[in-house]
Structures are given as structure tokens and as C-alpha cells.
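The structure appears right after this line, and notes come after that.
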Amino acid sequence: MTKKMRISIPGLLLLYAFLIIVLIIALFPIVYAIFGSFKPNAEFVAGGSRLLPKEWRFENFKEAWELANFARYTWNSVFVTAISVVGILFLNSMAGYVFDRADFPGKKLLLGSFLATMFISTGSITLYPILQVTKLIGANKSLWGLIIVYVFGVNVTNVYLFMGYVRSLPKELDEAATIDGCGFFGIYWRIIIPLSKPILATIALLTFKATWNDYMMPLVFTMSNEKIRTLTVGVVALQNTKDGAAAWNIMLAGTTISLIPIILVYIFTNQYFISGITAGAIKA
């Protein structure tokens, strides 16, 4: 049996102090944004360093909802995010399954090249080539073009996490399914997917967060048509709704509203999140 490491009381106090400091640093921007959404814009113009508002202005949320066309932009974001998450879950999980369970010539080279892209940060350099590719298929001015980019721009981290999780599942399950008449895809669909709910929930949450909060790519695809803007693009545009001064209070009110879906998704998936990401990372 392994001995559990014991931490002395002074060490425990230091540990808690460190974790509390990290928590405060991480939460402060969010708390400031929420309280800032209740401030009048004059308070930001005058400095805005105070955390709590001097005057609580609830009208900011009504203005943000109307000015940003929240109903339309929220639907656009839900449409893009929902289809993207489903498509990414299917393609990334299938890729992870194939890399772990299948044997084919050049597998190690392909997998090594694939994983090497994790260390390459292209950023905005790829925006123009991506836009040109979607332009060739006539999807550069629609939400479907954005969905295609998200789904087929395979996330290597997701593939790696799923591959690690599949590796933890006994191959005897595959053999038993093969005896019962399941093919390679049948094993994936009938055996692997039902047993992979924790890692799938983890990937879904990470994908939802990244897709919902993405700004640059949706901005490029919706620049010529305001009706197909996503919520993030609409919220940032709120900054320019006031004459002469940036409407920080309205933008922060919109930001606070846009946080609600992410919080709700996390509440419903958090029970799988830690177990899924730990299993996928360690067992790989």
C-alpha cells in the first residue's frame, strides 16, 4: 500500500493561502465585469476603479438586450455552437478511436505529425487562407461556413484526450463485439461511445466554451451581414453604441448575460469534467 503524504499545519495554511490568492486573481475580472454592468457609463469615464457601483443602474441590461439584438444573436450562437459541438465530438472521437485501435501503414508518422501541431500556434495567420477556402465553396458569408471551419479544424487536444481514454478500455470488449458480428465502426458506435461519456462531456464542455466565446473567426464571417452575428461579436459591438464615449457599462451588461449559458452548461456537465479530463490525460 502506498503511504499518503501528510502536510504539516503551517504547510497546509500556506497551501490554502496560495489557492485563495489564485482564486481571487482568477475571479476578480469576472466579479468586476458583473458589478461593472450595473454602473452608469459616467463612472467608467471618471475612472471606474471602484469595484461596487456608486449608483446601481439596472437599465443597462435592458439597453444591452435591445441594442445587441440579443434574441437574434443568441440564436445564431446557439445554432453554431450546438452543431459544431456535435460535429467536433463525432470527428474528434472517431480520430482518437482510429489512432488507438486501428493498425495501418504510416500510423506512427501520421500520429506524430498530428500531435506535433499542438505546439504550433498559428493564431490569426490562418484567417485569410481559411476565408479563401470557404469562399471557394460559397460559404464565406454564412454561419454554415463558420460551422465547417470549427468542425473540420480538428482539435488535436481533444483527439489526444479521447485516444487516452479509449486506451484505458480493455481490448477484450472489442474482441467480444467482433465475435458478435460488430465491425470496426460498430465497435466504436455500440461499445466505445457508450463507455466514453465522461471524456465526451469534457470535450463537449471545452468545445462549447471555445466556440461560444470565439470572436475573431465569427467577426470575419459576419462582417458583411449583421443579421448573422454571433453573440460575442454583438456584445463587443455594444462598446460603440454611445456617442463620444465607449459604452463600457452596456458592453459589460451584455457580457454578463452571455456568461449565463456557459455557467448552465458547466453546472450540468461538471460531474464528468474532472474525471474525464484526468482519465484522458493520465492514461494516454
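The values are calculated or read from the model by the stated rules, or taken from the named source; none is laboratory data. This is a predicted model, so every value here is computed, not measured. All Cβ positions, even for glycine, are placed from backbone atoms using ideal geometry, and neighbour counts span all protein chains on display. Side chains are part of the model used for accessible areas, which takes the heavy atoms of the whole protein and leaves out ligands, DNA and RNA. Shrake-Rupley method; radii C 1.70, N 1.55, O 1.52, S 1.80 Å.
Here are some notes:
- The set of residues from the stretch 186-232 being over 13 Å from Tyr97 (Cβ atoms), of a type in the set (D, E, K, R) and in a helix (DSSP H, G or I) comprises Lys197, Lys209, Glu226, Lys227.
- Residue within the stretch 193-202 that is open to solvent by 40 Å² or more (accessible area, probe 1.4 Å) and within 30 Å of Glu43 (Cβ to Cβ) present: no
- Among the residues of the stretch 39-57, those identified as touching a residue at least 60 places away in the same chain (Cβ under 8 Å) and surrounded by 15 or more Cβ atoms within 10 Å (Cβ to Cβ) are Lys39, Pro40, Asn41, Glu43, Phe44, Gly48, Arg57.
- Of the helices (runs of 4 or more DSSP H) lying entirely inside the stretch 2-102, those containing at least 3 residues that are more than 23 Å from the chain's Cα centre (by Cα) and of a type in the set (Gly, Ala, Ser) span 9-36.
- Qualifying residue in the stretch 240-259 (condition: more than 25 Å from Pro53 (Cα to Cα) and part of a helix (DSSP H, G or I)): no
- Options Asn69, Asn60: the member that is of a type outside the set (Lys, Arg), open to solvent by less than 30 Å² (accessible area, probe 1.4 Å) and within 22 Å of Val236 (Cα to Cα): Asn60
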